[in-house]
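The values are calculated or read from the model by the stated rules, or taken from the named source; none is laboratory data. All values reported here derive from a predicted model rather than from experimental measurement. We place every Cβ from the backbone using ideal geometry, glycine too, and count neighbours over all the protein chains shown. These accessible areas exclude ligands, DNA and RNA; they are computed on the full protein's heavy atoms, side chains included. Shrake-Rupley method; radii C 1.70, N 1.55, O 1.52, S 1.80 Å.
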Amino acid sequence: MIKFFRNIRKRLINEGKTTNYLKYALGEIVLVVFGILIALQMNNWNQNRIENLRTRDLLQNMKNDLRSDINFLIAYVEGNEKQVKYSVEILNDSLNEAIDADSLYKKLPLWATTLEINSQSFDKIKNVGLTNLLGLKELDSTITEYYVKSTHMTQGFTNWEQEQTQNDNDFWLSASKMEFPNSFSSENNVAYKQTEAERKQELMRIINSIEGRKRIRLAMNRKQALTKILLKRKDKAEYLLSLIEESL
């Protein structure tokens, strides 16, 4: 093809057809530029296609992350609601006489956990510089809202709740002279030095004290507040999940 165009140029020059040669040269330049533009466009199209496939793959993985988040949040909320229920029963003295000392102690609001954040896909999106996911502004802003602002707020509150719960654990361990259970998850055969009646009486003394009741009430209020935050985060996760499913 190059030899063909070279022969045309040579013939036009030899025949002295300068005007025709200039027209031809201009046309050849236009063809070359046009070819370069097409090549660039094809390259851009191919890059966009690769990026789009990578984005969709990351969003598919993000769906799995969000489902894990939702399951964790549901379990956390259920745990908090149980503790609130038990706290109300303890403060109203509706079950204290009906159960043994170990069971009563295990119903105190002394459980908290760290916030599980499944952000692997979000971290990969940031690392590879994908800032415009599928060209959807609402999707981009919702992902940022969930993984940055919502995570920061929820993480801060759960960390504070853990610290306060640990303080409560320290209080119950130090304020009472009751021999406490060795484990919350399993029974063992280690005998208590105190009788059941002695242990129960000592635990009830702390529960019925002003400080004990205050600790239970404050813990209950904290867990109710945290539950609202966790439910809002769950709603955000479900909304983001629906947006991703609509976009793919």
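Atom-type composition of the exposed protein surface of region 139-221 places 54 percent of the accessible area on carbon and sulfur (1.4 angstrom probe).
Please give me the summed charge of the neighbours of GLY156: other residues whose Cβ is under 12 Å from its Cβ, Lys and Arg +1, Asp and Glu -1. Once positives and negatives cancel, what remains is -1.
Available extension along the chain between GLU211 and ASP140 is 20.7 nm, counting 0.36 nm per residue and deducting the alpha carbon span.
Taking R0 as 41 Å, what FRET efficiency do you get between GLN120 and ASN189 from their Cβ-Cβ distance, rounded to the nearest 0.05? So, using R0 = 41 Å, E works out to roughly 0.40. Remark: region 208-220, residue by residue, has Karplus-estimated 3J(HN,Hα) of 7, 6, 4, 5, x, 5, 5, 4, 5, 5, 5, 5, 4 Hz, where x stands for each Gly or Pro and the curve is 6.51 cos²θ - 1.76 cosθ + 1.60 at θ = phi - 60°.
Sorted on the mean count of surrounding Cβ atoms within 10 Å across their residues, most packed first, peptides 190-196, 93-99 read 93-99, 190-196. Estimated at 0.36 nm per residue, the fully extended path between GLN166 and LEU218 surpasses their Cα-Cα distance by 17.4 nm. The phi torsions of region 230-246, fed into the Karplus equation with coefficients 6.51, -1.76 and 1.60 and a -60° offset, translate into couplings of 5, 5, 5, 5, 4, 4, 5, 5, 5, 5, 4, 4, 5, 5, 5, 5, 5 Hz, rounded to whole numbers, with Gly and Pro shown as x. Solvent-accessible area per residue in region 156-248 equals 59 Å², computed with a 1.4 angstrom probe and all protein chains kept.
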